[in-house]
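To start, the structure under review is shown below, and the notes come after it.
Just so you know, all these numbers are worked out from the coordinates, no wet-lab data involved. Everything numeric in this text was worked out from a predicted model, so none of it was measured. A quick note on method: Cβ atoms are made from the backbone with ideal geometry, for glycine too, and the neighbour counts reach across all protein chains shown.
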Amino acid sequence: MSDKKNNAKEPEQNQPVQTGDQSVPPAAESSLDVDALKSQLAETQVKMQEYLDALQRERADFMNYRRRTELENSQMSRNASGNTIRKFLAAIDDLERALTHRPADDVWANGIELVYRKFLTILEAEGVMRMQVEGQPFDPNLHEAIMQEVSDSVESGMVTAVLQQGYMHGERVLRPALVKVAQ
């Protein structure tokens, strides 16, 4: 009787194994494990690809952020230096006006001219250039028309005189030139 009990409790190797609601033969059981592992591997690979895509997007976003902040910082630096330079332009204008009315052979006036030239050299070193506008067509992006004058020798819309010099800092207008325009 004890043999019958042991035989009843242990399934024979050739008998199907009970799993859940179905009976599965032993050879099919290993095939179910392989199929389950394959499906689990496929799910894991899909998740891995999702994580890789997310990581690549985050890296690209970070690189774009870095470039944007570097551009903003350089632009802020240019704006700050432009604002500082703009304050000195009034002093340069005063030096220009003083030099137009200087005595002929005054040593003191020659010293003022040297200071003026040094200012212009410093501005050029900082990338600030004077606009060459006389005889050019009027451009509202670069010039500010203060006066119009009738002229037979110059065609309409051309700058005939510069009343206050304009300056550029690279491609940016620091100060537009104040000009007279032919009618």
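Averaging the sequence gap over all C-alpha pairs within less than 8 Å and six or more residues apart, then dividing by the number of residues, gives the range 91-183 a relative contact order of 28 percent. Beta-bridge orientation, the range 129-183: approximately 60 percent antiparallel, per DSSP, counting only bridges with both partners inside.
A protection proxy built from the mean count of other Cβ atoms within 10 Å ranks the segments 101-108, 86-93, most packed first, as 86-93, 101-108. Using the alpha carbons alone, the radius of gyration of the range 129-183 stands to its Kirkwood radius in an Rg to Rh ratio of 0.98. For Lys118, a cut-off of 18 angstrom between C-alpha atoms picks up these aspartates and glutamates, skipping any fewer than 8 places away in its own chain: Asp93, Asp94, Glu96, Glu126. Per residue, the average separation of C-alpha pairs within less than 8 Å and at least 6 apart gives the range 129-183 a relative contact order of 46 percent.
Applied to the range 153-160, the Karplus parametrisation 6.51 cos²θ - 1.76 cosθ + 1.60 on θ = phi - 60° returns per-residue 3J(HN,Hα) values of 8, 10, 6, 4, x, 9, 6, 9 Hz, with x for Gly and Pro.
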